[in-house]
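A.B. asks: This is the structure, below, for whatever I ask next.
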Amino acid sequence: MAIRIALAGNPNSGKTTLFNGLTGSNQYVGNWPGVTVEKKEGKLKSNKQVEIVDLPGIYSLSPYTLEEVVAREYLIKERPEAILNIVDGSNLERNLYLTTQLLELGIPVVVAINMIDIVNKQGDKIDITKLSHKLGCPIVEISALKGTGITQAADKAVEIAQAQKAAEAVHRFDERVEVAIAAIEAAIGAKVNSESKRWYATKLFEKDEKVQAELALAADIKAGVENAIAECEKIMDDDAESIIASERYAVIADILKDSYRKQNKGSLTTSDKIDQVLTNRFLALPIFAIVMTLVYYISVTTVGTWATDWANEGVFGDGWHLVGGVAFEEATGEYEELIAQRDAYIEAAGDAGIDTEALQATLEEEEPSAEVIASFTEEAKNKDISAVAVIENEDGEVEKEIPVGAAEFAVSLEAIEPDPAEFGVWVPGVPVLVEGALDSMGVADWLKSLILDGIIAGVGAVLGFVPQLLILFIFLAFLEGCGYMARVAFIMDRVFRKFGLSGKSFIPMLISTGCGIPGVMASRTIESQRDRRMTIMTTTFMPCGAKLPVIALIAGALFGGEWWVSPSAYFIGIFAVVASGIILKKTKLFEGDPAPFVMELPAYHLPPVGNILRSMWERGSSFIKKAGTVILLSSIVIWILSRLGWVEGQFGYLEDTQLDSSILAAFGNAVAWMFIPLGFGDWKSAVATVVGLVAKENVVGTLGILYGYAEVSEEGNEIWEQFASNYTVVSGYAFLVFNLLCAPCFAAIGAIKREMNNAKWTWIAIAYQTVLAYVAALWIYQIGNLIVFGTFGIGTVVAIVTVIGFLYLLFRSHKTAENR
Amino acid sequence: MMATLREAKVGTTVKVKALRGEGATKRRIMDMGITKGTELHIRKVAPLGDPIELTIRGYELSLRKADAEFIDVE
């Protein structure tokens, strides 16, 4: 028979390390049914018959937190054959609090005292025999980190599971409490089996609502139970829940009295010394800023960008150089310089009245006609043409100027474009390989486009983020593992809780200024479900890297590149986060007790590398799986919408530049009226916004195509003029704000779905973001018009009314536990 | 003299006299080891003035001042 062993213990007790040590690579990570609490299962390395179920890290079996309820339900309903309770030996008192509750369940328990090496080093003494006797269960000493004793712990758990010998809680509370519990046990009688009777009686004594509902006692029995509790409460002069909590700690104090000797230490531990610096009144904030800058700089700016560029332009682009990339770049630079010289010379010749059309045409051909070139060269020589080729760098600054004469022109004609495959080791990108394969199979153009432009481009755009995500996840795992993440919450709590967020929301917000996908996924570190949901809903308001081209387009085309446009986008993002937090926390959605901020600040320690890598991989692969499906579907849908349409009365497949005939364009036409109040009710803006859902950087490119350019620069310089003629300053800014705040790209929506683990909440998040974006853009356009152009109309009235409604939502008082 | 944990000075050690309030937050506070008669050492206040950090039963715990107000100490 298969044996299930539940692994239970406090957070930071080394549970993850023990679980990894016991199961190795035989793990399955999922979620507990219906909730976002992670569930891990695995088979014991040494005995595949034994299944280990990793319960969430918990301090108690109260009915209040999600994690505790999940653990409770599993233990009561599924009744695993044994519980392996990991206990931090350097923090016995609080850890045993959970143990006393586990022992009452009537399931065989083995206690594994972890970090025994540290305990011994500190000179503390634990008398295992005595402790085992007093607790009434076997005890094993282990060091999960070093791997010592863990096999024995597992063996012991299997042994007692096979023996079917349930733990019988031997600890007894105060006599007066015991009388009441005995009375309750007698009252519930045969309603529960004898093994778990004490658990149920104790929970009923605590007035645990979940147990009350489960047992559904008859009215007379209930009255008897309530009597027993009331009497005890009266004698003890306290409420029942407090009595049990105090009694548990009293029992533990009694147990530890003669089985545990703590070395009296006057000196501070290393962890204390680290903490004195990291949370120092004056140093804490600067250090926090440095740590965050470092995380951002490495995972978003430098290494992260390289990784994303490599994945997007290499693996999912033309290809990349395994070695020899530098030589290729030099060759490309030289080639481009020559071409610039050639073009400058031709242009100068054109200006001097020489006909260059034939020449330019032949240069485009695979084998240019020598005759045409010779006649041009002759003519140019006679007119003594000279030019200056201006070489610009990436930022558009002039790098150098090369004078070009007839001799230089002759040289430039010999220029051959370097083939990347000839330099070092060239690895072609996925699209190149697939295209080759499709060509050789003779696949139809439309299918090729669906696979390449639809599926591979869409999914590739998302998978391209994976390397960057993995880098970020390493940081997160380290910050969590070493204990600093708890201090982040400690330092930032004051600021963020005002907006209904957690101190740990800072990291998702910061990361989202780079990319919203890792930002959303970084919210995983927030324990409270309420705070986590709020963070997920608001974090993509921060302008991500892909929205920068849109900002640049508006700033360049309409504001003459004013410096304040780009920072204003960030302020709007921050304002949207803050206002949303304040408004949402007062709504029904987030009503109820905020999660109490009663948090352990664990001792600092270096987390094992294995744990970090495993955590990185689990998060990364879960993103690929969950986000991948959303992306795949939506990429196909958008491709169909943009590539099929009516040309000259016929429905069919469209070329790249015929986007204006597509179904998507028709759709844009149909919905454009919705954007009229926002000032951009033309179908082109609507289509660009919809395409922005695939990836925000597509907004500018799509506008380019719709304005008649096959390709535009990243910031769309080519269309600035046309764009400016269609927009006013106010409507352009409204367009920007709508695109900044509305539903993020599909990849980020996929991440939201992954982290919410709930379709309803995913839709709530997207709907909220889009509505907020609409309202914000409405204000900008209507009130902006009133101020800038003095126009007043029905839209202005609507905008003012919604502003008032918004202010009401923002400032209304609300009753929650926060201001009891 | 009766006072709440909120008013207790950093660096002092106090004894829990009573816990007021009810529900999840109170239960959580008790689960974490703050029960009647427990000794608490107030270690520090966060750089922005809230929350506070306590040493209790040999480990470090952080608590908001708003919640500390419901703990009577002496």
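A.B. asks: Would you be able to tell me the number of residues in the range A:1-19 that are crowded, with 16+ Cβ neighbours inside 10 Å and out of contact with any Pro (no Cβ under 8 Å at 6 or more places or on another chain)?
C.D. replies: Here the count works out to 11.
A.B. asks: Identify, please: which residue in the range A:244-270 is surrounded by 16 or more Cβ atoms within 10 Å (Cβ to Cβ) and polar (S, T, N, Q) and is, among those, nearest to B:Glu39 (Cα to Cα)?
C.D. replies: Here the answer is A:Ser246.
A.B. asks: Would you confirm whether any residue within the range A:165-178 is part of a helix (DSSP H, G or I) and buried (at least 16 other Cβ atoms within 10 Å of the Cβ)?
C.D. replies: For the range A:165-178, residues part of a helix (DSSP H, G or I) and buried (at least 16 other Cβ atoms within 10 Å of the Cβ): present.
A.B. asks: Continuing with the same structure: What strands (runs of 3 or more DSSP E) completely inside the range B:34-74 contain at least 2 residues that are more than 7 Å from chain A (Cβ to nearest Cβ), at pLDDT 90 or above and in contact with a helix residue (DSSP H, G or I) (Cβ under 9 Å, 6 or more places away or on another chain)?
C.D. replies: The qualifying strands (runs of 3 or more DSSP E) are B:39-45, B:52-56, B:71-73.
A.B. asks: Kindly state which strands (runs of 3 or more DSSP E) lie completely within the range A:1-96 and contain at least 1 residues that are out of contact with any Phe, Trp or Tyr (no Cβ under 8 Å at 6 or more places or on another chain), in contact (Cβ under 8 Å) with a residue 24 or more places away in the chain and of a type in the set (Val, Ile, Thr).
C.D. replies: So the answer is A:3-9, A:27-31, A:47-54, A:82-88.
For (1) within 18 Å of B:Pro47 (Cβ to Cβ); (2) more than 13 Å from chain B (Cβ to nearest Cβ), each residue gets a yes or a no:
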{"residue": "A:Met236", "(1), (2)": "no, no"}
{"residue": "A:Ser242", "(1), (2)": "no, no"}
{"residue": "A:Asp254", "(1), (2)": "no, yes"}
{"residue": "A:Gln263", "(1), (2)": "no, no"}
{"residue": "A:Thr269", "(1), (2)": "no, no"}
{"residue": "A:Asp272", "(1), (2)": "yes, no"}
{"residue": "A:Phe282", "(1), (2)": "yes, no"}
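A.B. asks: I would also like to ask the following. Is there a residue being within 19 Å of A:Thr538 (Cα to Cα), assigned by TED's automatic domain parsing to the domain that holds A:Ser685, hydroxyl-bearing (Ser, Thr, Tyr) and in a helix (DSSP H, G or I) anywhere in the range A:777-786?
C.D. replies: Scanning the range A:777-786 turns up no residue that is within 19 Å of A:Thr538 (Cα to Cα), assigned by TED's automatic domain parsing to the domain that holds A:Ser685, hydroxyl-bearing (Ser, Thr, Tyr) and in a helix (DSSP H, G or I).
A.B. asks: For A:Thr279, which of the numbered conditions (1) over 30 Å from the mean Cα position of the chain (by Cα); (2) surrounded by 14 or more Cβ atoms within 10 Å (Cβ to Cβ); (3) not aromatic (Phe, Trp, Tyr) fails to hold?
C.D. replies: (1)
A.B. asks: Is one or more of the residues making up the range A:678-690 closer than 17 Å to A:Gly458 by Cα and free of Cβ contacts under 8 Å to residues at least 12 places away in the same chain?
C.D. replies: No, the range A:678-690 contains no residue that is closer than 17 Å to A:Gly458 by Cα and free of Cβ contacts under 8 Å to residues at least 12 places away in the same chain.
A.B. asks: Helices (runs of 4 or more DSSP H) wholly in the range A:653-772 with at least 3 residues that are small (Gly, Ala, Ser) - which ones?
C.D. replies: In the range A:653-772, the matching helices (runs of 4 or more DSSP H) lie at A:663-671, A:683-691, A:729-741, A:746-756.
A.B. asks: Checking the structure you have, find out if any residue of the range A:589-602 is assigned to a helix (DSSP H, G or I) and touching a residue at least 12 places away in the same chain (Cβ under 8 Å).
C.D. replies: yes
A.B. asks: Of the residues A:Met537, A:Met542, only one is outside the structural domain of A:Leu772 (by TED's automatic domain parsing), assigned to a loop (DSSP other than H, G, I, E, B) and either surrounded by fewer than 24 Cβ atoms within 10 Å (Cβ to Cβ) or touching a residue at least 24 places away in the same chain (Cβ under 8 Å) (or both); which?
C.D. replies: After applying the criteria, what remains is A:Met542.
A.B. asks: Considering only helices (runs of 4 or more DSSP H) fully contained in the range A:399-508, which possess at least 1 residues that are of a type in the set (Ser, Thr, Tyr), in contact (Cβ under 8 Å) with a residue 40 or more places away in the chain and assigned by TED's automatic domain parsing to the domain that holds A:Ile339?
C.D. replies: In the range A:399-508, A:406-413 are the helices (runs of 4 or more DSSP H) which contain 1 or more residues that are of a type in the set (Ser, Thr, Tyr), in contact (Cβ under 8 Å) with a residue 40 or more places away in the chain and assigned by TED's automatic domain parsing to the domain that holds A:Ile339.
A.B. asks: Here's a follow-up. Within the range B:1-13, can one find any residue that is touching a helix residue (DSSP H, G or I) at 6+ places or on another chain (Cβ under 7 Å), buried (at least 22 other Cβ atoms within 10 Å of the Cβ) and part of a strand (DSSP E or B)?
C.D. replies: For the range B:1-13, residues touching a helix residue (DSSP H, G or I) at 6+ places or on another chain (Cβ under 7 Å), buried (at least 22 other Cβ atoms within 10 Å of the Cβ) and part of a strand (DSSP E or B): absent.
A.B. asks: Go through the range A:89-141 residue by residue and tally those that are within 14 Å of chain B (Cβ to nearest Cβ), surrounded by fewer than 22 Cβ atoms within 10 Å (Cβ to Cβ) and under 13 Å from A:Ser259 (Cβ atoms).
C.D. replies: Final tally of qualifying residues: 3.
The values are calculated or read from the model by the stated rules, or taken from the named source; none is laboratory data. Keep in mind it's a predicted model, so treat the numbers as computed, not measured. With ideal geometry, Cβ positions are generated from the backbone for all residues, glycine too; neighbour counts draw on all protein chains shown.
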